[in-house]
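The values are calculated or read from the model by the stated rules, or taken from the named source; none is laboratory data. Note that the coordinates shown come from a computational prediction; the quantities given were computed from them, not determined experimentally. Note that we place each Cβ from the backbone using ideal geometry, even for glycine, and neighbour counts take in every protein chain shown.
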Amino acid sequence: MVERIKAVEDEAISRLNEIKNLQELEAWRIRYLGKKGLLTELVKNLKNIPTEDRPHFGKNLNITKNKLENIIKEKRVTLESADKEKKIKSSAVDITMPGKGIKRGKLHPITQVMNEVVDIFLRLGFSIADGPDIETDYYNFEALNIPKHHASRDMWSTLYIEKDTLLRTHTSPVQIRVMEKKKPPLAIIAPGKVYRRDADVTHSTVFHQVEGFMVDKNITFADLKGTLTALLHAIFGKAKRVRFRPSYFPFTEPSAEVDVECVNCGGKGKLSNGESCRVCKETGWLEILGCGMIDPNVFKNLKYDPDKYSGYAFGMGIERIAMLKFGISDIRLFFENDLRFLKQF
Ligand code: FA5
């Protein structure tokens with residue numbers, strides 16, 4: 001009987017060394033100490049042993065049982081802490097791993113320039129107004145002193161929707177919409193999309209304008225020139241050459257256009273290889289805006305007294321400003337949505 005107890009103990013201890021996890025340890029416990037375990041069977045067997053020998057074997061069995069129970073306790077603690085460690089390791093964050101970059105979107109270059117222009121005017125005290133992209137002939141032309149069949153309508157290659165409904169060709173109709181509702185003093189800008197049957201390196205079918213106008217008593221051309229010069233200096237700095245050139249618009253008198261030195265050829269009209277500059281068409285200048293003093297006929301349509309009030313207005317092309325600012329030689333690049341182009345801004 002003593003040998004049998006010793007054999008069970010030896011086997012249990014040698015198998016214990018092979019145990020690697022808590023499931024295996026439980027199987028081990030059941031095999032030796034469970035209800036039908038090898039050691040338990042030996043205890044049950046005691047009743048078949050002569051009564052005088054029982055205390056001796058009983059003591060032996062108890063020693064082995066206690067020994068195995070202590071061993072299993074220790075082993076359980078070791079396995080449990082190894083298990084815990086493993087779980088911590090597998091769920092831990094490796095702070096030495098390179099992080100996943102968060103890709104940030106950027107504003108489109110036209111939006112950037114639009115925001116810059118709008119910000120400058122807000123700082124100068126202008127307010128923002130809005131008008132519809134689909135306009136009537138009245139607001140786009142007639143109220144701006146451009147009657148039907150007037151030759152100056154050719155200045156705008158208009159996209160008509162119906163006979164008297166069109167995609168606005170400029171932001172100037174917002175002047176009328178505002179002045180119909182409000183009385184001077186007015187200092188308004190109207191940023192937005194406009195549409196024309198135009199397409200080449202400096203002309204797009206859809207493009208953006210910022211309209212601006214100021215109406216009050218004693219507003220002069222000097223106010224217009226001062227405001228636009230402040231804007232041009234803020235956008236391009238003082239080094240870039242800028243010129244005001246006399247021009248014609250039916251809704252302003254006198255009228256002017258503003259040109260900025262062409263960035264594509266540095267204002268020379270020709271490229272370094274002798275080819276002519278297709279951006280400025282050899283003029284050395286790129287036109288960015290039209291402006292002038294609001295024509296008294298426009299005021300009369302709105303029942304403003306032209307003897308009492310005067311005002312200036314301007315309309316600038318945001319894509320043209322962006323071309324000059326970023327050195328872009330083809331306006332169509334802004335609308336191709338090529339990420340290689342857009343990511344540069
Ligand atoms: C006008 O649209 C007038 N409404 C501007 C104005 C407002 C004059 C108030 C006087 C008083 P114009 O057609 O020249 O004018 O256009 C103004 C600017 O828009 C141009 O100087 C140019 O910078 C830009 N532009 C014109 N056509 C295009 C086009 N197809 N693509 C991109 N930009 C254009």
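Points to keep in mind about this one:
- Number of the condition not met by Leu224 [criteria: (1) in contact with a Phe, Trp or Tyr (Cβ under 8 Å, 6 or more places away or on another chain); (2) not in a helix (DSSP H, G or I)]: (2)
- In region 145-190, of all residues being crowded, with 17+ Cβ neighbours inside 10 Å and among the charged types (D, E, K, R), the one that is farthest from the chain's Cα centre (by Cα) corresponds to Arg153.
- Tally, over region 241-259, of residues that are under 18 Å from Gly284 (Cα atoms) and more than 10 Å from the ligand (Cβ to nearest atom): 6
- Spans of helices (runs of 4 or more DSSP H) in region 90-201 with at least 3 residues within 15 Å of the ligand (Cβ to nearest atom) and out of contact with any Pro (no Cβ under 9 Å at 6 or more places or on another chain): 109-123, 173-181
- Criterion: assigned by TED's automatic domain parsing to the domain that holds Ala187, within 30 Å of Val215 (Cα to Cα) and among the small types (Gly, Ala, Ser) - qualifying residue of Ser276, Ser247: Ser247
- Residue in region 285-295 that is within 14 Å of the ligand (Cβ to nearest atom), crowded, with 17+ Cβ neighbours inside 10 Å, in a loop (DSSP other than H, G, I, E, B) and modelled with pLDDT of 95 or more present: yes
- Listed by first and then second residue, the pairs linking a residue in region 147-160 that is among the aromatic types (Phe, Trp, Tyr) to a residue that is within 11 Å of the ligand (Cβ to nearest atom), with Cβ atoms under 6 Å apart and 6 or more places separating them unless they lie on different chains, are Trp156/Thr169.
- Within region 299-338, considering residues that are touching a Pro at 6+ places or on another chain (Cβ under 9 Å), of a type in the set (A, V, I, L, M, F, W, C) and within 20 Å of Ala129 (Cβ to Cβ), the one surrounded by the most Cβ atoms within 10 Å (Cβ to Cβ): Ile318
- Residue pairs meeting the criteria (Cβ under 6 Å; at least 6 apart or on separate chains; first within 18 Å of Ile219 (Cβ to Cβ), in region 172-198; second of a type in the set (Gly, Ala, Ser) and surrounded by fewer than 16 Cβ atoms within 10 Å (Cβ to Cβ)): Ala187/Gly125; Ile188/Ser127
- Filtering region 161-171 to residues that are free of Cβ contacts under 8 Å to residues at least 60 places away in the same chain and closer than 19 Å to Phe314 by Cα leaves Arg168, Thr169.
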